[in-house]
Every structure is written in C-alpha cells, then in structure tokens.
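Enquirer: First, the structure itself, so that you have it in front of you.
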Amino acid sequence: MPDLRSYCRPPEVEPAEIRLDREESHHLVAVNRAREGDTVVAFDGLGREWVCECVAADKREAVLKVRFAQKARPLPYRITLAQAVPKGRYMDAIIRKATEIGAAAIVPLLSERTVVRVDDEEAGKKKEKWVTATIEAAKQCGNPWLPEIAEPVSVETFVERQSGNYDLKLIASLQPGAQSLREVLTRFRNEQKREPANVAWMIGPEGDFTTAEMAAARNHGFEPISLGPLVLRCETAAVCALSVLSYELQNATA
C-alpha cells in the first residue's frame, strides 16, 4: 500500500481527477512532501478509494489524476463505542484508537461523573475536532472507513433512544457480578445461532458510571462486562474493550 493517503469529500460522480481542499493539500505537500508523479491514495471515508498520481503538488490545492478506483469491503460487524467524555485531550486519543481498531460509530456520552460540560456551541466545535481526529487516524492506518461521530448525549438518552438498534449491548463495569465478554458472546451464539452483527459498548468515565446510570443501562438490556481485575483509565478501557471484541468477532468470521 502506498504511504501517501489523503481524504477527499465523497464525490457525486466518479472522478477523473481529485482536487484536495486546502487542509489536505497542505498535509500532503508540506507535511508529507508529496511531489508530482508520486502515487497517492485518496479515500472518502465511505470505503471508496482512488489510486492516483499527483499531477500538481500545490499545498493550497493539490491535484490528483485518478488511475483506478477500488471499493473496500466493510467489516462483517459494526461496533459502536459509547464513550463518556474525559477531560483534556483524552477523547481525541480515544477516537483515533477507535478508528484504527475499526469502530463504525462513536457516541460521546455526558455522564453524571463527566467533568467536561458541553453546550450546543462547544458540541459543534468538538465534533468538528473529533472528525478531524478520525481522518488523521484513517490516513495513518489505512482504514478507508471513517466512524460516524454522533452528537454528545446523556447516558439516559443513549440507552433509552438507541438501545433497540443493536443485537448485543455491553457496558464495561467495575461492579461485582460483571461477566466476561466470552461468556456473553457464547450465550448469544448459543441462543441466536449466529454472530452479533451490530454491537454497542459503553465505557464510563474515571470512577465508572453511577449506580443509577448502570441500572438504567441494565434495564435497557446492557450486559455488564468485566475488563479484568485492574482498574483501567477510561482511554485504556476503551482500547481494551474494542480490541478484545474486534478480535473475538474477527476470529469467529474468519
């Protein structure tokens, strides 16, 4: 796979050439030092890629001549990460790692223990920043699919409005009685005679979800899952949860 990758807005018709926006042009030419004649793979975040030749290495508007197009096959499952928003830049890091692992969607959660408070204006700015983080991660790891970034919502809103959209609903838990992921997957497979195709996994803030939030999630069918005997930071928990679930689903469908 060529090293140079650039994101382009999804074109309405199959393009013969692709003109990158100013930000992507600057990154390709000024940061990655692309030159005319270099091979560049442009992707639209929806699984479509175009293998191109750079014909104008302009950091304000790079131009790519399309050699051929290709469509990536999506993963046979969708994982939604519902992540309580941590303070600082940790959410950016979580979104990058989730993109690398292959999450299909990310829902920022505002829990009772979330330190960050997001109003409507801040939500728009944060979402724009988080989308940029997905693009950066996708270019780095070669993922042609960008995860959908939802608007920040409360835990209660998420479990009430969205919980019916998934075949399997998981919530990381520090409380006694939480099961292992393998136990829950085995039960699902035995009962449904298939693999889960659409899974949600909720990850709490530092200190975990409150008792009320955990109860609300369980009342809407979320299964408490233990990530092991140690208390993990939220960004570590997100990576751990997505990694073990992705491994189990990939291994089952291989």
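Enquirer: Quick one: in the range 5-23, which of the residues that are in contact with a Lys or Arg (Cβ under 9 Å, 6 or more places away or on another chain) and assigned to a loop (DSSP other than H, G, I, E, B) is farthest from Ala103 (Cα to Cα)?
Expert: Ala16
Enquirer: Something else now. How about the range 186-218: which of its residues are in contact (Cβ under 8 Å) with a residue 60 or more places away in the chain and exposed (fewer than 13 other Cβ atoms within 10 Å of the Cβ)?
Expert: If the condition is that a residue be in contact (Cβ under 8 Å) with a residue 60 or more places away in the chain and exposed (fewer than 13 other Cβ atoms within 10 Å of the Cβ), then Ala212 is the only one that fits.
Enquirer: Here is a further query. Over 17 Å from Tyr77 (Cβ atoms) and free of Cβ contacts under 8 Å to residues at least 12 places away in the same chain: does that describe Glu183?
Expert: On the way: over 17 Å from Tyr77 (Cβ atoms): yes; free of Cβ contacts under 8 Å to residues at least 12 places away in the same chain: yes.
The answer is yes for Glu183.
Enquirer: Give the residue, chosen from Ala212, Ala252, that is farther than 23 Å from Leu110 by Cα and in a helix (DSSP H, G or I).
Expert: Selected residue: Ala252, the only one of Ala212, Ala252 that is farther than 23 Å from Leu110 by Cα and in a helix (DSSP H, G or I).
Enquirer: Can you tell me how many residues within the range 188-222 are over 16 Å from Tyr77 (Cβ atoms), aliphatic (A, V, I, L, M) and out of contact with any helix residue (DSSP H, G or I) (no Cβ under 8 Å at 6 or more places or on another chain)?
Expert: 3
Enquirer: Can you find a residue in the range 129-136 that is more than 30 Å from Asp208 (Cβ to Cβ) and hydroxyl-bearing (Ser, Thr, Tyr)?
Expert: No, that holds for no residue.
Enquirer: Right, here's the next one. For the range 24-82, which strands (runs of 3 or more DSSP E) that fit wholly inside it have 2 or more residues that are of a type in the set (Asp, Glu) and in the same structural domain as Thr134 (by TED's automatic domain parsing)? Show your work before the answer.
Expert: Working: elements: 39-43, 48-56, 63-71.
Because the criterion is at least 2 residues that are of a type in the set (Asp, Glu) and in the same structural domain as Thr134 (by TED's automatic domain parsing), no strands (runs of 3 or more DSSP E) in the range 24-82 meet it.
The values are calculated or read from the model by the stated rules, or taken from the named source; none is laboratory data. All figures in this text were calculated on a predicted structure; none of them were measured in a lab. Methodologically, a virtual Cβ is constructed for each residue, glycine included, from the backbone with ideal geometry; neighbour enumeration extends over all protein chains shown.
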